[in-house]
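First comes the structure, then the notes that go with it.
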Amino acid sequence: MESKTIMQSIAENVGKVMVGQSGAAKLMVVCLAAGGHVLIEDVPGIGKTTMANALAKSIGVSFNRIQFTPDILPSDITGFSMYNPKTGEFEYKPGSIMSNIILADEINRTSPKTQASMLEVMEERHVTVDGVTYDVPDPFMVIATQNPVEYMGTYPLPEAQLDRFLMKITMGYPDSEDEVNILFRFKNSNPLYDLTPVADRNQISELRRQVREVHVERAIGEYIVEIVQSTRRQEHVLLGCSPRASIYLMRASQALALYMGRDYVVPDDVKSLVVPVLAHRMILRQEARIRKITSESILSDLLKNIRVPA
């Protein structure tokens with residue numbers, strides 16, 4: 001089965017559960033193929049957790065859900081060493097992070113100390129406990145959900161944590177027709193329970209390998225860098241995007257090209273991913289927030305003023 005078919009089959013499988021969220025499902029699959037992590041942010045009841053569950057069930061890999069609460073400890077996630085009196089040695093007890101797909105549910109409801117325990121594993125794919133390093137299974141992906149930070153009882157994710165997510169996806173409320181379809185799709189049972197895998201571990205690993213082979217012209221690379229560097233020169237931006245953002249934008253563009261059945265990146269691939277890949281990495285000045293200027297609007301204006309390569 002070719003890469004395009006696999007990727008689109010996963011998105012379609014997620015669509016059996018999620019109504020009117022084909023765009024979000026497509027971005028999730030692109031992020032999976034690119035080897036990145038995704039943050040889904042929206043108000044309660046939109047289907048963030050269901051979306052993550054549907055993606056995990058669509059691929060035949062191990063899956064763990066971590067329900068983040070204020071009292072969860074870093075060792076609950078990374079694991080810990082326990083003394084075994086029979087052997088006289090300390091043994092590593094794996095934490096819930098030791099799985100292929102991790103659903104970090106409501107990640108902004110736990111303490112900053114526990115949030116920080118995710119930094120190493122998200123970037124380097126291993127955890128360190130008592131000076132010993134343990135690799136997580138491959139392929140590995142974190143799907144985090146959070147409610148907007150304006151809501152009570154949440155801890156805003158620090159910049160370093162946000163930068164580890166390849167994309168941030170906002171789902172939004174469904175329109176009237178889609179909401180009626182949701183009612184009847186869930187009328188008799190939850191379609192999530194009947195979802196079966198359409199891809200396996202080896203296919204996901206192969207997808208990630210093929211993504212890196214998708215051709216990127218130097219002009220496209222220069223276009224990506226110009227976009228990212230422009231975020232650092234904007235009047236209302238306190239902190240623009242880092243070189244890591246350039247790498248992630250290129251990798252996501254390669255994955256999108258593969259999703260579309262191409263072995264090369266075109267400018268439209270880059271343009272369509274600028275907001276989900278870059279918006280959450282930009283820190284705006286206080287006056288911009290007061291004037292309700294958003295990262296998304298800044299990026300949209302920025303794209304209009306950058307020459308698109310032929």
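Structure notes:
- A DSSP coil position with no more than 13 other Cβ atoms inside 10 Å describes the following trypsin sites (Lys or Arg not before Pro) in segment 254-310: Arg291, Lys292, Arg307.
- Residue with peak Gaussian network fluctuation, the chain [Cα springs, cutoff 10 Å], from Asp138, Asp175, Asp200: Asp175
- Cut-off of 10 Å, at most 16 other beta carbons, DSSP loop: longest stretch of the chain lacking such GluC sites (Glu not before Pro): 3-149
- Translational diffusion coefficient (Stokes-Einstein; Kirkwood radius from C-alpha pairs) of the chain at 37 °C, 0.692 mPa s, in µm²/s: 160
- Listed peptides 189-197, 15-23 by packing density, highest first (mean Cβ within 10 Å): 15-23, 189-197
- Per-residue ellipticity at 222 nm, computed for the chain from helices alone with -39500 (n - 2.57) per DSSP H run of at least four residues, works out to -12500 deg cm²/dmol.
- Build a GNM of the chain with springs between Cα atoms under 10 Å apart, and of Tyr83, Tyr134, Tyr155 the one that fluctuates most is Tyr83.
- Modelled FRET efficiency - R0 41 Å, Glu179 with Glu287, Cβ distances, 0.05 increments: 0.65
- GNM result for the chain, Cα springs below 10 Å: residue of Asn108, Asn188, Asn64 fluctuating most strongly: Asn188
- Members of Lys93/Lys187; Lys57/Lys292; Lys93/Lys113 lying beyond 32 Å, as alpha-carbon distances in this model show: Lys93/Lys187; Lys57/Lys292
- The mean sequence separation of alpha-carbon pairs under 8 Å and at least six residues apart, normalised by the residue count of the chain, gives a relative contact order of 22 percent.
- Under 19 Å from the Cα of Lys304 - lysines, other chains or at least 8 residues apart: Lys271
- A Förster radius of 22 Å combined with the Cβ-Cβ distance from Asp194 to Asn64 puts the calculated FRET efficiency at roughly 0.55.
- In terms of other Cβ atoms within 10 Å, Lys86, Lys93 run from fewest to most in the order Lys86, Lys93.
- Neighbourhood charge, 11 Å Cβ-Cβ cut-off, centred on Gln115 and excluding it, Lys, Arg +1 and Asp, Glu -1: +3
- Cα centroid separation - segment 173-232 against segment 293-310, whole Å: 22
- Environment charge of Glu179, counting only residues whose C-beta is closer than 14 Å and scoring Lys/Arg +1, Asp/Glu -1: -1
No value in this document is a laboratory result; all are computed from the given coordinates. Every value quoted in this text rests on a predicted model; they were computed, and no experiment measured them. Quick reminder, even Gly has a Cβ in these numbers, built from the backbone with ideal geometry, and neighbours come from all protein chains shown.
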